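The values are calculated or read from the model by the stated rules, or taken from the named source; none is laboratory data. Note that the structure is a prediction, hence the values are computed from the model and not measured. Here the Cβ is made from the backbone with ideal geometry for all residues, glycine too, and neighbour counts use every protein chain on show. The accessibility values were calculated without ligands, DNA or RNA, using every heavy atom of the protein model including side chains. Shrake-Rupley method; radii C 1.70, N 1.55, O 1.52, S 1.80 Å.
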Amino acid sequence: MDANRKKTLQLSISRTMRNLEANNMNAAYAETKEDALKLVKALIPSSAMTASGGSVTLEECGIMRFLREETNYIDRYGKGIDKEEQRRRDGLIFLSDWYLASANAITEHGEIYQVDGRSNRISNLAFGPSKVIIVAGYNKIVPDLSSAVIRVKTVAAPANAVRLCRDTYCAKKGICVSPRHDEADLMCHADCGDDTICRNTLVMKRQQEKGRITVIIVGEELGY
Ligand code: SF4
């Protein structure tokens, strides 16, 4: 990366971390995805009961592999898990020690913006598991919530809809059916289709329990 761009990016990351801390979240920086994995390993004891949301970022960092192979990971995504068993595991995940996910966007004001289809991820992020770790590449940082909404509608959701083989407008066109940000366009529209991955939205601002959430920002582009 160009040295000038790197300098302004570091300033943006510092602003974001400072404001996350002001919102009662721990903030850490990892230069590479390998460093992010080391940080996660240092935080989570091997005996811990862990769980995660589906995440390309966690896969790219090798964190999913670590969780599956070296912790007591509650897997709700494995093959052969029917709806009833998934529901049972969702109950266990609610009581787990550590929950890991990435973010759809993180604002420089120290807010985390998440949009879900099923919404198991945003439920666990908001309340339930004792500790939460959010890992995100620098590409998830945006100036404010308006930019976060646009980021999801133009980058994150279309790519995730393709990844998850959803029959949505954005999977076909590469952009949301309503790629704007105003009150009328914040949530999913009926003409997006029943396969929508934008049913519920979570904005994580100042947390009541200081330090429940740790955000690791990585100096690499990860996920979408
Ligand atoms: S509301 Fe529908 S079309 Fe828009 S990003 Fe979400 S899934 Fe895609």
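Extension gain for ARG68-ALA126 works out to 18.6 nm (0.36 nm per residue, less the C-alpha to C-alpha distance). Under 5 Å from the amide H of VAL218 lie the amide H atoms of ALA30, ALA136, GLY137, TYR138, each residue being 5 or more positions distant or on a separate chain, with H modelled from the backbone and absent for Pro and chain starts.
Per DSSP H run of n ≥ 4, the term is -39500 (n - 2.57); total these for the chain, divide by its residue number, and report the mean residue ellipticity at 222 nm rounded to 500 deg cm²/dmol.
On the way: 9 runs with 82 residues, N = 224.
-10500 deg cm²/dmol, from helical runs alone.
The protection proxy used here, the mean number of other Cβ atoms lying within 10 Å of each residue, ranks peptides 124-133, 67-76, 100-109, 204-213 as follows, highest first: 100-109, 124-133, 67-76, 204-213. For a paramagnetic label modelled on LEU164 (point 7 Å from Cα along Cα→Cβ), amide N atoms under 14 Å away belong, within the range 70-102, to 77, 102. Label-to-label distance for THR32 and ARG180 is 4.6 nm, based on points extended 7 Å past Cα in the beta-carbon direction. For TYR73, the amide hydrogen comes within under 5 Å of the amide hydrogens of THR50, counting only partners 5 or more places away or on other chains and with H modelled in the peptide plane. Note that the chain presents 50 Å² accessible area per residue, ligands and nucleic acids not counted, probe 1.4 Å. A Förster radius of 41 Å combined with the Cβ-Cβ distance from ARG15 to ASP191 puts the calculated FRET efficiency at roughly 0.60.
By the Cα gyration tensor, the range 85-152 has an equivalent ellipsoid whose semi-axes, rounded to whole angstrom, run 25, 12, 9 from largest to smallest.
Residue separation times 0.36 nm, minus the C-alpha to C-alpha distance between ARG206 and LYS173: what's the value? Spell out each step's value before the answer.
Values: separation 33, 0.36 × 33 = 11.88 nm, distance 3.58 nm.
Net length gain for the segment: 8.3 nm.
Between rounded, prolate and oblate, where does the range 100-224 land on the alpha carbon gyration tensor, with a ≥ b ≥ c its root eigenvalues, rounded for a/c under 1.5, else prolate if a/b exceeds b/c? In terms of gyration-tensor shape, prolate. First compute the accessible area of the chain with a 1.4 Å probe, then give the percent of it belonging to carbon and sulfur atoms. Carbon and sulfur together cover 51 percent of it. Listed values for the range 98-115 are Karplus-derived 3J(HN,Hα) couplings in whole Hz (6.51 cos²θ - 1.76 cosθ + 1.60, θ = phi - 60°), namely 9, 10, 10, 7, 9, 10, 6, 6, 10, 8, 5, 7, x, 10, 10, 10, 10, 10, and x replaces Gly and Pro.
Applied to the range 154-159, the Karplus parametrisation 6.51 cos²θ - 1.76 cosθ + 1.60 on θ = phi - 60° returns per-residue 3J(HN,Hα) values of 10, 10, 5, 5, x, 5 Hz, with x for Gly and Pro. The range 21-102 gives an Rg/Rh value of 0.99, both radii derived from C-alpha positions and Rh following Kirkwood. Residue by residue, the range 9-22 carries 3J(HN,Hα) couplings of 5, 4, 5, 5, 5, 4, 4, 5, 5, 4, 6, 5, 4, 5 Hz when phi is fed to the Karplus relation 6.51 cos²θ - 1.76 cosθ + 1.60 (θ = phi - 60°); x denotes Gly or Pro. For the chain, the equivalent ellipsoid derived from the Cα gyration tensor has semi-axes of 25, 24, 16 Å, listed largest first.
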